[in-house]
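Data first, discussion second: the structure below is written as structure tokens.
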Amino acid sequence: RPLDYKSQERAGGRGAVAARAGYEAVAGARRPELALPWADPFGGRRGCVGPVAGPPWAGPAPGPAGRHSMLPRHVQRLGRDWITHWNGSQILALNSPVSSCTRWAGHYPPWAPFPLPISADFSANWRFPPVFGPWRQFQNSNWHLDNYTQSCCFHLPNPSMKSEGEEPLTKKRRLSGQDDTSTPEQETNLSNQKEGSCLSVAWSEEKHGSKKGTIKRHWEYFCQQSRTMKVAKNKGSDQSSTGNEATFDFTVMSYNILSQNLLEDNSHLYKHCRQRLLFWTYRFPNILQEIKELDADVLCLQEVQEDHYRTEIKSSLESLGYHCEYKMRTGRKPDGCAICFKTSKFSLISSNPVEFFRRDIPLLDRDNVGLVLLLRPRFHCKASAAICIANTHLLYNPRRGDIKLTQLAMLLAEIASVAPQRDGSFCPIIICGDFNSVPGSPLYRFIKEGKLNYEGLAIGKVSGQEQFPRGQRILSIPIWPKKLGISQNCVYEIKQQQKEENAGEKLEAAKPDNPQEIVIASEKLSSKLRHHFKLSSVYSHYFPETGIPEVTTCHSRSAVTVDYIFYSAANDDTAAQPGAEDSFCGGLKLLGRLALLTEKDLWTVNGLPNENNSSDHLPLLAEFRLIER
């Protein structure tokens, strides 16, 4: 060959450009190129590969010998596998100025607002952050093209994936059930196979006109009658016109829709996402379409931003036949909880907001809220029938289990004051929300079992969010001060006063000789929390066939279950968990639920949010039947 320009480019010498130009003149006429923007790996020069005809995996057209020899094999495959059509006809050449085309998903300067603006002529101005020097680090980083067509599916090979926004290999092995014994060569081959599979799926979807990146969630039915009624509902039949007026079936959704302010304040959780997918103007139509398609009778929404609720969300939902109740957080974060119900199925009896912030109690210095509605079903045989719907979003902080339990006790106390019926029993209860606690945690068990002995429990272990909790302080006994006005049975003490006085008289009559025994017994009772509801979870949290956990939220840092729908189960509810069989309030029968997904499923569409799912949480949806006592 006439000139050894490769060694000059590696050295970053000024003669590299001239040497390369001379070589290209000898090799033949310059072809159209797909240039890749990077700064340092080749001394500031942009490597080039030829255009591709046909499907992306068909490989490049024949070119001069040694055309790709100067590039690492990963870039060779990048140019070979990825050609983007721009405006439907032009092949996108990154040599030419393209407006807002490339985003660096792993790097935001600390002074930059969110989202980071990009220069129009990024081929001249765009460079990798200086912290990324060696090619291996560029290879392991995450960058995307925003303005590509629906058919494009692009992954960089990632043997180690050090970028925060990417899946670590340990996570991939864990999700696929593989042992951690694969060699780097096996990992690279696996990555190549995954890349080829993704490209094939994308090409197939383009040919058939289907929507890219969609994961189907199916309905799980617990009785054949539910499946029959679901088909009848889809055909347009109205439950009010059926002959069986004694049953009342309805659906409930719990959905954390991701406040835009919180998204922008926590942008590090969404480094895996392309920036255009994070704008509210893109996200809200997707969220609204999801609500339309699922068509729930009751919506329990969390992280509903107040200005968006006032200007867009409320009016959009009202046009779909919903009545909306909203409670904004008490602090500076302008989001809150909303409960929306279809006026064709329910009428409102009462709306009861709950504020967890108390100025006079240092423990309760957080601005989370809850909302409790009492609804009357329409088309029902008993005029006195009612259903209590509660919605909340508990504190996130994994190290403050004391605050989480207190907030939950306040919500339960409000439910206990709203749900009683004339005969002293409770009406059927549904509690939805983002509890920021994982299945099996002490807080979760307290909701399900109705009791919790928290003596010696560390505050960092209450929610189970951290495998190695950093909050080691032991919960105080009692957790909250008496002036909160809520007993250890999670009811307002004023309403319980008469019962306690009667119990006190009996205790006085049976007073033992040794007063120390009373003190010891009192201390033991004070470390036990209780509530009066027999609650079951709609979801089982693990797939029975494999034991793989279900996931309700998935972003760059974690993929876990934190969202729940709890309900008071009827005696004949076969889907209820143990402990709910002796439900005393008539209750609800679970007819079906919208199946959740695994973490592996979600990462096949790049986690959450993605092109079709515009929150970092999945919506939970269940169908119930009201059972009378």
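The values are calculated or read from the model by the stated rules, or taken from the named source; none is laboratory data. As the structure is a prediction and not an experimental result, all values here were calculated from the model. Cβ placement follows ideal geometry from the backbone for every residue including glycine, while neighbour counts extend to all protein chains displayed. For the accessible areas, the whole protein counts, side chains as well, though only heavy atoms, and no ligand, DNA or RNA atoms are used. Shrake-Rupley method; radii C 1.70, N 1.55, O 1.52, S 1.80 Å.
Summed over the residues of the stretch 432-485 and divided among them, the accessible surface reaches 47 Å² per residue at a probe radius of 1.4 Å. Each label point was placed 7 Å from the Cα along the Cα-to-Cβ direction; for LEU363 and ILE215 their separation is 3.8 nm. The mean sequence distance of close C-alpha pairs (under 8 Å, at least 6 residues apart), as a share of the length of the stretch 295-349, puts its relative contact order at 45 percent. Is the C-alpha gyration tensor of the stretch 279-405 telling us rounded, prolate or oblate? Criteria: a/c under 1.5 is rounded; beyond that, a/b larger than b/c is prolate, otherwise oblate. Cα axes put the stretch 279-405 in the oblate bin.
Using a cut-off of 20 Å between Cα atoms, the listed pairs LYS404/LYS600; LYS216/LYS292; LYS448/LYS589; LYS292/LYS314; LYS314/LYS589 include LYS404/LYS600; LYS314/LYS589 as exceeding that distance. For the stretch 357-412, the per residue solvent-accessible surface stands at 34 Å², with DNA, RNA and ligands left out and a 1.4 Å probe. Stretching GLU628 away from LEU320 to a fully extended chain increases their span by 107.9 nm, per 0.36 nm per residue minus the current alpha-carbon distance.
Placing a label point 7 Å from the Cα of LEU294 along the Cα-to-Cβ direction, the residues of the stretch 424-457 whose backbone N falls under 15 Å of that point are 431-435.
Taking a ≥ b ≥ c as the square roots of the eigenvalues of the Cα gyration tensor of the stretch 312-375, is the shape rounded (a/c under 1.5), prolate (a/b larger than b/c) or oblate? It comes out oblate by the Cα gyration axes. Would you work out what percent of the accessible area of the stretch 239-324, with all protein chains in place, is carbon or sulfur (probe 1.4 Å)? Carbon and sulfur together cover 48 percent of it.
Rolling a 1.4 Å probe over the protein heavy atoms of the stretch 336-412, with every protein chain left in place, gives an accessible area that is 50 percent carbon and sulfur.
Remark: the ARG473-ARG332 segment gains 47.9 nm on full extension, using 0.36 nm per residue and subtracting the alpha carbon distance.
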